1. Can you give me the angle between helix 30-44 and the longest principal axis of the chain, using Cα atoms only, in degrees from 0 to 90, rounded to the nearest 10?
2. In debye, nearest 20, what is the charge dipole magnitude of the chain about its Cα centre with +1 on Lys and Arg Cβ and -1 on Asp and Glu Cβ, if you could check?
3. Across all directions of projection, what mean area in square nanometres is found for the Cα convex hull of the stretch 1-78?
4. Using a 1.4 angstrom probe on heavy atoms only, work out the carbon and sulfur share of the accessible area of the chain in %.
5. Keeping every protein chain present and rolling a 1.4 Å probe, give me the accessible area per residue for the chain in Å².
6. At what distance in angstrom do the alpha carbon centres of the stretch 61-85 and the stretch 1-29 lie from each other?
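The values are calculated or read from the model by the stated rules, or taken from the named source; none is laboratory data. Bear in mind the structure is a predicted one, so any value in this text is a computation, not a measurement. Don't worry about glycine lacking a Cβ; one is built from the backbone with ideal geometry, like all the others, and counts go over all protein chains shown. Side chains included, ligands, DNA and RNA excluded: accessible areas come from the protein's heavy atoms. Shrake-Rupley method; radii C 1.70, N 1.55, O 1.52, S 1.80 Å.
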Amino acid sequence: MKIKLELFGASKDLSDKNFLEFSIDQKISIKDLRKKIINYVDDKFKGNESFKKIIETSAFCSEDNNIVSDNYKITKAQKIGIIPPIGGG
């Protein structure tokens, strides 16, 4: 199944599109998806620590626009959003 990861805020730097796609063989948790995204950063951006920090601290939302925990299970092809923290001053 395909997971379309919609990118928001600082996470948009991960792609020249507004999303990334991951092929998943079975159910996956947000926690495991987070690891897949970090592996992507290791491969594509040589382990860019700033990008990894964005992924580690971001919230994720379901296609129903609900914030979901790391234990949330993705059981079908769907869109998931990654929402990085926003700093201000």
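1. 50 degrees
2. So the magnitude is around 140 debye.
3. If I average the Cα hull's projected area over directions, I get 4.8 nm².
4. The computed percentage sits at 46.
5. Accessible surface, normalised per residue, equals 63 Å².
6. Each part's Cα centre sits 11 Å from the other's.
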